[in-house]
Amino acid sequence: MSVRNDFSTDIDYDAYLDEGEHILWSQVPDKKKFHLPQGIIPVVLSLVFIIAGSYVLKIQHDKLVDILCGLVFIIFGMVALFNYIERSATYLFTDKRIFIFKATKYKEIRYHNISFISVEKKKDSDTGNISLCFTHLLNRPHHQREYKVTSQTIYDVQDCEKVAEIIKAQKDTTNAYKKAREIEREQGF
C-alpha cells in the first residue's frame with residue numbers, strides 16, 4: 001500500500017493528536033487540483049451571474065442603481081463559483097478520527113459518525129475518490145428525532161480500495177468498542 005508519512009507541509013500534526021493517538025495513513029497532494037463535487041451545473045449558474053453582471057455594467061453604466069446591481073451580480077457569481085470548487089487537501093487518518101487539512105482550516109471526522117463508504121476508482125489506475133457519508137442527529141423541539149445526511153469526498157487517493165478498508169476497519173473497531181462499553185454499563189461495570 002502506498003502510505004505517505006513524509007509530511008512535506010508546514011503543519012505540525014502532533015499538535016492535533018490526542019495522547020496515545022496514532023497515525024495510520026496520510027496523503028499530502030503532489031499538486032493542487034480542483035474538483036467539482038456538485039457537478040458542472042452550479043459552475044454554469046455562477047458564470048451566468050458573472051456574465052449578467054458584466055453585461056449590466058457594460059450597457060447600463062449611467063445610473064448608480066444599475067452599477068450596484070451589476071456589481072452585486074458579479075460578486076454573487078464569484079462567491080458562488082469559489083464556493084463550489086474544492087481544492088485537493090492533506091489527509092491524515094489516525095486510529096480515532098480523520099483530519100482534512102485545507103490551507104489554514106481543518107475538518108475532523110470521527111469514525112463512529114460515518115454511515116457508509118463508497119469508492120470511485122479511476123480507469124486503469126489505483127487512484128480514486130472515497131466518499132464518506134454520515135448522519136447527524138438534529139436538535140429539534142418536542143423531542144422529534146431528525147437526521148441530516150452529509151458527505152465528504154477524499155480526492156485522488158492512491159490505492160483507494162485499501163485506504164477505504166482502513167476506514168472501514170477503524171469504523172468497525174470504534175463501533176465494536178462503543179457497543180462493548182454500553183453492554184458493560186448495562187451490567188453495572
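The values are calculated or read from the model by the stated rules, or taken from the named source; none is laboratory data. Bear in mind that the values here come from a model prediction, so they are computed numbers and not experimental data. Every residue, glycine among them, receives a Cβ derived from its backbone with ideal geometry; neighbour counts consider all protein chains shown. These accessible areas exclude ligands, DNA and RNA; they are computed on the full protein's heavy atoms, side chains included. Shrake-Rupley method; radii C 1.70, N 1.55, O 1.52, S 1.80 Å.
Summed over the stretch 96-130, the residues that are in contact with a Leu (Cβ under 6 Å, 6 or more places away or on another chain) and under 14 Å from ILE23 (Cα atoms) give a count of 1. Here THR127 clears all of (1) open to solvent by 50 Å² or more (accessible area, probe 1.4 Å); (2) in contact with a helix residue (DSSP H, G or I) (Cβ under 9 Å, 6 or more places away or on another chain); (3) modelled with pLDDT of 85 or more except the condition numbered (1).
If the condition is being in contact (Cβ under 8 Å) with a residue 40 or more places away in the chain and of a type in the set (Asp, Glu), then the stretch 158-172 contributes ASP159, GLU161. Among residues of the stretch 150-163 being surrounded by fewer than 20 Cβ atoms within 10 Å (Cβ to Cβ) and closer than 15 Å to ARG110 by Cα, the one that is farthest from the chain's Cα centre (by Cα) is THR150. Taking the stated definitions as given, is ARG110 surrounded by fewer than 17 Cβ atoms within 10 Å (Cβ to Cβ) and more than 19 Å from ASP156 (Cβ to Cβ)? In short, yes. Report whether or not VAL163 is part of a helix (DSSP H, G or I) and either modelled with pLDDT of 85 or more or more than 18 Å from ARG97 (Cα to Cα) (or both). When the stated conditions are applied, VAL163 passes them. Within the stretch 170-179, at least one residue is open to solvent by 50 Å² or more (accessible area, probe 1.4 Å), at pLDDT 75 or above and of a type in the set (D, E, K, R).
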